[in-house]
Amino acid sequence: MSEIETTFVKAVRDTLARAMRADERVIVLGEDVAEGGPYLLTEGLAEEFGRERVRNTPISEAAVCGVAVGAAQRGLRPVVEIMFIDFITLALDQLVNQAAKAHFMSGGQLCVPLVLRTQGGCGQRSGAQHSQSLEAWLTHVPGLKVVMPSSAADAAGLLASAIADPGPVVVVENKALYYRRETTAAEPEPIPLGRAHTLRRGEDVTIVATSRLVGDALEAAERLAREGIDAEVIDPRTLVPLDVETIAASVQRTGRAVVAHEAVTVGGFGAEITAQLQNAAFDFLEAPIQRVGAPFMPVPVSPPAEDAYRPGADEVCTAARFVIEWDQPEPAAAGPAAAQAGTG
Amino acid sequence: MTEKLDAERLTWMYTQMVRIREFEERVKRTFEEHPGVIRGHTHLADGAEASIVGSIATMRPGDQLMATYRCHGYPIALGTDTKKIMAEIYGRKDGLCGGYGGSMHLADPERGFLGTSGIVGQSIPQATGAGWAAQIRKEGQVVLCFFGDGASKQGAFHESLNLASLWKLPVVYVMENNNYNVSTRSDQEDANAAAGEPLSTKAKAYSMPGVTVDGGDPVAVHETVGEAVDRARSGDGPTLVESKVYRLSAHGNLIAPPGVPLHYPEHEAITTFGNREEYEAALRGDPVPRFRMRLVEEDTLDPGRADQILRDAREEMEAAVKYALDAALPEPEAALNHVYA
């Protein structure tokens, strides 16, 4: 299989282009998409497929999302872009009350094969309204599927499956991943939704991480290895449906778990993973599951403040050490990991 | 061009109006005759029959419509089996949507009815999207988008009209203005109404035609909506039609905890504003007898046939109630179906 060097944005764009070539029902709409958007992610699509299939929209998130829902109900396969997940508040009725419920309320008569792509994440000094991680809201809505790719390869494979899915799928990307170089298959295969990816095998602790935190978890695992701690790293890749079997099987083996994401810890999706793990692996747990996430506050702009806010490999290491040391003769006091995992 | 209405078509229109009225009467009576069979919200279309039928009479096969939670009338006129609709309102397994939708969420996509939104105004973007799909497919389909006057204060309305006008989408926005947002009158919540202007004025902001029509006159509605449909079909874009109707029932049935009997209260003109005369004037102008009188006077419809239409409709709705009462309720396990396609 031939390989190419790519980035996250190129992988998404190439996947969109492949889907549009393969199926004329696939259309792309959103603010500035025909011009490429602020990250140049859709650059070149309008030139290849025309401005009818790559449609710039007014700054009207509710209508744009609703138009995509209506077009999907009529058999098109719209991929709608909400430029920042922070703006999804404006489109939530269309997602939550319309797209997620049309199939159900009609007794299965209506289908909404819609993909909504958006991106979140902090670290770019963009402030409290352009940096959030709001995926947990969407995971709380039956009828929606929620995908969070952590690499270019996964972004391509998961997006292909999302476009093929008969229902609404939200793909939450992270802007910090957009330009990392990566080698992928030239023609990536679709990755089924609901299948976790174990990126590193380990025996001592399971680190479940999503999106940007997957890279941080791998870095943390390298550091922990130098301390003699053998960490397993699992990326669920899709939050809904969640592959709890793979994660639980790992925790049953390691007996310890850290769940890490960039979103605010309180009410984050890590809480759901933690609760499901407690049910699936209670008798195997050697320590309380630790969560890593952001403190309970908006994202600050100023570099030192944002850097302090932003969870990463350091926090993952601290949490992993905490669960490892839990049953040592003199357990560490409920220290930094617990504080980080709490209300920040 | 808009179809010329011959005697047969006019009689068809009258028949659909009577069927909608008789259906809604049976929904209303269910609260007293079969207490507990309907527990949730129902919203009746009585008073809007002429507007609904006059609009739907402009549709061609393949055209579509979307509506609000006040949605019983549209599928009746589109030819959906009233047994299935009543069974849906009663929450039965054999209902139109298997009991998953209920009174507020009817859908019959095979007949072009793409569903409703119980959230005011939020089906407007979807209807707009259906119009976009029709434009992309280039098959000449038109989408009728029905909503109330209250919905025109939602952002989704304004965003959608801007986008539809900009993209010249084949959508006709039919605002059924019944002058009440539950118990708030339009002139209390709408800047145009407060200024004494028609609500169709809003179309001006989006550079599309805005027309106001007497929604109690099905022929006038047919002509006005028909022109808008022609315009949409020929690629000239959307129109906002304000169809002025008077709903003859309260906004909806009483809402109460389980065990408390439900009923339809009196109209808000009386209960909120103490204006019995307004309501009685509306009854005197009831579009259904008004259209019958006109057709009979014009010798379009024989009075004997008109009586027969009413008897047939009553018989049909009696059968619909019986079917719905006898129909099985879903198994509890079925509640989990249809969450994902």
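Every number here is computed from the coordinates shown, using simple stated rules; none is lab data. Just so it is clear, the model here is predicted, and its values are computed rather than measured. Glycine gets a Cβ as well: all are built from the backbone with ideal geometry, and neighbour counts include every protein chain shown.
Which of rounded, prolate, oblate describes the stretch B:192-341, given a ≥ b ≥ c as roots of the alpha-carbon gyration tensor eigenvalues and a/c under 1.5 marking rounded, otherwise prolate only if a/b is larger than b/c? Spell out each step's value before the answer.
On the way: a/c = 1.41, a/b = 1.26, b/c = 1.12.
Rounded, since a/c falls under 1.5.
Take A:PHE269, A:PHE104 and order them by how many other Cβ atoms sit within 10 Å, fewest up front. Display every interim value, and only then the final one.
Numbers: A:PHE269 26, A:PHE104 22.
By the 10 Å Cβ count, ascending: A:PHE104, A:PHE269.
DSSP loop GluC sites (Glu not before Pro) in the stretch B:130-234 with at most 11 other Cβ atoms within 10 Å of their Cβ, which ones? Working shown, then result.
Values: sites: B:GLU139, B:GLU159, B:GLU176, B:GLU189, B:GLU223, B:GLU227; in loops: B:GLU139.
Listed in order of number, the matching sites are B:GLU139.
How would you rank A:LEU218, B:LEU240, going from fewest to most other Cβ atoms within 10 Å of each one's own Cβ? Walk me through the numbers on the way to the answer.
Details: A:LEU218 19, B:LEU240 29.
The order, fewest Cβ neighbours first, is A:LEU218, B:LEU240.
Return the long-range amide H neighbours of A:ALA263 (sequence gap of 5 or more, or a different chain), with a cut-off of under 5 Å between placed amide H atoms.
Distant-sequence amide H within range of A:ALA263: A:ALA294.
As a test, work out the antiparallel percent of DSSP beta bridges whose residues both lie in the protein assembly as shown, rounded to the nearest 5.
Numbers: 12 of 68 bridges.
Looking only at bridges with both residues in the protein assembly as shown, the antiparallel portion is about 20 percent.
In angstroms, what radius of gyration and Dmax does the protein assembly as shown have, counting Cα atoms only?
28.5, 101
In nm, give the distance between the simple-model label positions of B:GLU280 and A:ARG195, each being 7 Å from the Cα along the Cα-to-Cβ direction.
For the pair B:GLU280/A:ARG195, the computed spacing is 7.4 nm.
For the stretch B:86-181, give the magnitude of the charge dipole about the Cα centre (Cβ charges: +1 Lys/Arg, -1 Asp/Glu; no others), in debye to the nearest 20. Before the final figure, lay out each step's value.
On the way: 7 positive and 8 negative charges, 39 e Å.
My answer is approximately 180 debye.
Report for the stretch A:3-185 the percent antiparallel among DSSP-assigned beta bridges with both residues inside it, nearest 5. Mind showing how you got there, number by number?
Values: 4 of 25 bridges.
Roughly 15 percent of the DSSP beta bridges within the stretch A:3-185 come out antiparallel.
Pop out the ³J(HN,Hα) list for the stretch B:65-76 in order, Karplus 6.51 cos²θ - 1.76 cosθ + 1.60 with θ = phi - 60°, rounded to Hz; leave Gly and Pro as x.
9, 10, 9, 9, 5, 8, 10, 5, x, 5, x, 4
Sequence-distant or interchain residues sharing an amide H contact under 5 Å with B:HIS251, placed H: which?
Counting only residues 5 or more places away or on other chains, the set is B:GLU268.
Rounded if a/c is under 1.5, else prolate if a/b beats b/c, else oblate: with a ≥ b ≥ c from the C-alpha gyration tensor eigenvalues square-rooted, which is the stretch B:7-336? Mind dumping the intermediate values first?
Details: a/c = 1.31, a/b = 1.25, b/c = 1.04.
It comes out rounded by the Cα gyration axes.
Just to be sure I understand the model, the point goes 7 Å from the Cα along the line to the Cβ. What's the resulting B:ALA195 to A:PHE87 distance in nm?
3.0
Over chain B, what is the percentage of antiparallel beta bridges among all DSSP beta bridges, to the nearest 5?
Values: 3 of 26 bridges.
That works out to approximately 10 percent antiparallel.
Which residue, B:ASN181, B:ASN275, B:ASN253, tops the fluctuation ranking in a GNM of chain B built on C-alpha contacts under 10 Å?
Judging by the Gaussian network model, the answer is B:ASN275.
What order do you get for A:VAL208, A:VAL258 when you list them from fewest to most C-beta neighbours inside 10 Å? Display every interim value, and only then the final one.
Values: A:VAL208 29, A:VAL258 32.
Ascending Cβ contact count within 10 Å gives the list A:VAL208, A:VAL258.
Run the quick spin-label model on B:GLU297 and A:PHE296: label points 7 Å from Cα toward the beta carbon, then report their separation in nm to one decimal.
7.0
So, counting K/R as plus one and D/E as minus one, what does the shell of residues with Cβ under 10 Å around A:PHE87 add up to? Please report the intermediate quantities before stating the final value.
Values: positive: none; negative: A:GLU31, A:GLU61, A:ASP86.
Once all neighbours under 10 Å are counted, the net charge is -3.
Could you work out how far helix A:212-226 tilts from the main Cα principal axis of chain A, as a 0 to 90 degree angle to the nearest 10?
The helix A:212-226 is inclined about 30 degrees to chain A.
Could you work out how far helix A:244-254 tilts from the main Cα principal axis of chain A, as a 0 to 90 degree angle to the nearest 10?
20
Considering amide H positions built from the backbone, and no H for Pro or chain starts, which residues 5 or more places from A:GLU173, or on another chain, come under 5 Å of its amide H?
For A:GLU173, whose amide H was placed from the backbone, the distant partners under 5 Å are A:THR118, A:GLN119, A:GLY120.
Let me check I've understood the local charge: for A:PRO58, count other residues with C-beta under 12 angstrom from its C-beta, Lys and Arg +1, Asp and Glu -1. What total comes out?
Numbers: positive: A:ARG55; negative: A:GLU31, A:ASP32, A:GLU61, B:GLU159.
That sum, taken over residues with Cβ under 12 Å, equals -3.
Filter the GluC sites (Glu not before Pro) in the stretch A:217-303 to those in DSSP coil with at most 12 other Cβ atoms within 10 Å of their Cβ, and list the result. Spell out each step's value before the answer.
Values: sites: A:GLU219, A:GLU222, A:GLU227, A:GLU232, A:GLU245, A:GLU262, A:GLU272, A:GLU286; in loops: A:GLU227, A:GLU286.
Those satisfying the criteria are A:GLU227.
Given contacts defined as C-alpha pairs under 8 Å and at least six residues apart, what's the relative contact order of the stretch A:197-341, whole-number percent?
On the way: 277 pairs, mean separation 37.4, N = 145.
26 percent.
Given R₀ = 25 Å, FRET efficiency for B:ASP187-B:HIS263 by Cβ-Cβ distance, to 0.05? Each step should come with its number before you reach the end.
Details: r = 29 Å, r/R0 = 1.15.
Efficiency computed from Cβ-Cβ geometry: 0.30.
Report, in debye and to the nearest 20, how large the dipole of the stretch A:3-185 comes out about its Cα centre when Lys and Arg carry +1 and Asp and Glu carry -1 on their Cβ. The partial results should precede the final answer.
Working: 17 positive and 21 negative charges, 55 e Å.
The dipole of the stretch A:3-185 has a size of about 260 debye.
Treat every Asp and Glu Cβ in the protein assembly as shown as -1 and every Lys and Arg Cβ as +1, leave all other atoms uncharged, and give the resulting dipole magnitude about the Cα centre to the nearest 20 debye.
Details: 64 positive and 94 negative charges, 112 e Å.
Rounded to the nearest 20 debye, it is 540 debye.
Given a cut-off of under 8 Å on Cα pairs at least six residues apart, what relative contact order in percent is computed for the stretch A:1-121?
On the way: 179 pairs, mean separation 28.9, N = 121.
Relative contact order comes out at 24 percent.
With a ≥ b ≥ c the root eigenvalues of the C-alpha gyration tensor of chain A, is it rounded (a/c under 1.5), prolate (a/b larger than b/c) or oblate?
The shape class here is prolate.
Placing +1 on the Cβ of each Lys and Arg and -1 on the Cβ of each Asp and Glu in the stretch A:3-185, which of A:GLY123, A:GLN109, A:ILE163 has its Cα farthest towards the positive end of the resulting dipole?
Towards the positive end, the residue furthest out is A:GLN109.
What is the helix-to-structure angle for A:269-281, meaning the angle in degrees between its Cα long axis and the longest Cα principal axis of chain A, kept from 0 to 90 and rounded to the nearest 10?
Around 60 degrees separate the two axes.
Mind checking which of A:PRO190, B:GLY304, A:CYS317 is farthest towards the positive end of the protein assembly as shown's charge dipole, using Cβ charges of +1 (Lys, Arg) and -1 (Asp, Glu) about the Cα centre?
With unit charges placed on the Cβ atoms, the residue in question is B:GLY304.
Based on DSSP H runs of at least 4 residues, each adding -39500 (n - 2.57), what is the mean residue ellipticity at 222 nm of chain B after dividing by all its residues, to the nearest 500 deg cm²/dmol? Intermediate values should be presented prior to the final figure.
Values: 13 runs with 148 residues, N = 341.
When only DSSP H runs of four or more count, the value is -13500 deg cm²/dmol.
I want to verify a result. In a Gaussian network model of chain B, Cα cutoff 10 Å, which of these has the top mean-square fluctuation: B:ALA205, B:ALA45, B:ALA133?
In the Gaussian network model the winner is B:ALA205.
Could you compute the net charge surrounding A:LEU159? Neighbours are other residues with a C-beta less than 13 Å from the C-beta of A:LEU159; K and R count +1, D and E count -1.
Values: positive: A:LYS10, A:ARG13, A:ARG18, A:ARG77, A:ARG117, A:LYS145, A:ARG237; negative: A:ASP14, A:GLU81, A:ASP154, A:ASP165, A:GLU173, A:GLU189.
Neighbourhood net charge equals +1.
Could you work out the relative contact order of the stretch B:1-125? I mean the mean sequence separation of Cα pairs under 8 Å and 6+ apart, divided by the number of residues, in percent. The partial results should precede the final answer.
Numbers: 176 pairs, mean separation 29.3, N = 125.
Relative contact order comes out at 23 percent.
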